[in-house]
Every structure is written in C-alpha cells, then in structure tokens.
1. Could you list all residues from segment 41-62 that are at pLDDT below 90, exposed (fewer than 14 other Cβ atoms within 10 Å of the Cβ) and of a type in the set (D, E, K, R)?
2. Tell me which of these Met25 doesn't satisfy, since it passes every other one: (1) at pLDDT below 90; (2) in contact with a helix residue (DSSP H, G or I) (Cβ under 8 Å, 6 or more places away or on another chain); (3) not in a helix (DSSP H, G or I).
3. Regarding segment 71-79, can at least one residue be identified that is basic (Lys, Arg), in a helix (DSSP H, G or I), at pLDDT below 85 and surrounded by 12 or more Cβ atoms within 10 Å (Cβ to Cβ)?
4. Using beta carbons and a limit of 8 Å, which pairs, at least six apart or on different chains, have the first residue in segment 48-67 and more than 13 Å from Ala14 (Cα to Cα) and the second one surrounded by 12 or more Cβ atoms within 10 Å (Cβ to Cβ) and of a type in the set (D, E, K, R)?
5. Just one of the numbered conditions (1) at pLDDT 90 or above; (2) more than 20 Å from Asp9 (Cβ to Cβ) is not true of Ala30; which one?
Amino acid sequence: MAKKHASPDEYKKAAILLAVRGRTMSRADAYEKYMLSSDEFSLWELAFDAEGIIGLRDRRLAARRRARKSPPSKAEWVTASTKTPLGSPLNLRNALQ
C-alpha cells in the first residue's frame with residue numbers, strides 16, 4: 001500500500017504556524033493575510049502540537065472543531081442526566097419507591 005503524504009494545504013498551515021512562532025510574521029498579520037480567526041489559529045496550534053503536520057489535515061481539524069462544540073443540547077443533557085451513578089439522589093429516590 002502506498003504511503004499517503006500530507007497535502008500542500010497542511011504544509012502551508014504548518015508554514016504559517018511556524019512563521020508566527022518564529023516571529024517572522026505577527027499573529028495579527030497571519031489573521032489578516034489568511035483570513036483566520038484567533039480560534040481557528042489556536043486550533044491549528046493544538047493540532048500541530050498533538051499530531052504534527054498530519055494534525056493539520058482538514059478532516060482532523062473538523063473532528064477537533066466538533067469536540068469543541070457548544071454545550072450539549074437539552075436532549076443530550078436529559079439523556080446524560082438519566083445515566084447517573086447508583087449513589088446519586090435520582091437513583092436513591094427511584095430505589096425507595
């Protein structure tokens with residue numbers, strides 16, 4: 001099986017990130033020139049630190065974005081709250097009935 005290489009897109013992201021870290025480019029310049037938000041750039045930093053260039057792939061970043069999503073919806077919260085440990089007040093109340 002052929003080894004997959006990171007696309008130029010990941011390399012460009014890494015170059016931008018390393019230019020900012022090496023103080024060749026300011027963060028503000030990177031944000032403006034490449035139309036980045038501070039959140040997106042922070043995501044790149046976390047991904048690069050964790051996985052290197054491969055972490056900068058779009059699908060890897062998309063997974064990180066999903067992991068950073070807003071708090072759970074009401075339906076997710078209700079589902080999670082019904083799965084409480086045995087010693088919780090909800091289970092104790094149900095056990096006493």
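1. Answer for segment 41-62, where residues must be at pLDDT below 90, exposed (fewer than 14 other Cβ atoms within 10 Å of the Cβ) and of a type in the set (D, E, K, R): Glu51, Asp58, Arg59.
2. Failed condition: (1).
3. Going through segment 71-79, the residues basic (Lys, Arg) turn out to be 74.
Checking which are in a helix (DSSP H, G or I) leaves us with 74.
This time we only want the ones that are at pLDDT below 85, so: 74.
Still in the running and surrounded by 12 or more Cβ atoms within 10 Å (Cβ to Cβ): none.
Scanning segment 71-79, I find no residue that is basic (Lys, Arg), in a helix (DSSP H, G or I), at pLDDT below 85 and surrounded by 12 or more Cβ atoms within 10 Å (Cβ to Cβ), so the answer is no.
4. Note: pairs meeting the criteria are Arg60/Glu51.
5. Of everything listed in (1) at pLDDT 90 or above; (2) more than 20 Å from Asp9 (Cβ to Cβ), Ala30 misses just condition (2).
The values are calculated or read from the model by the stated rules, or taken from the named source; none is laboratory data. Because the structure is predicted, anything quoted here is derived from the model rather than measured. A quick note on method: Cβ atoms are made from the backbone with ideal geometry, for glycine too, and the neighbour counts reach across all protein chains shown.
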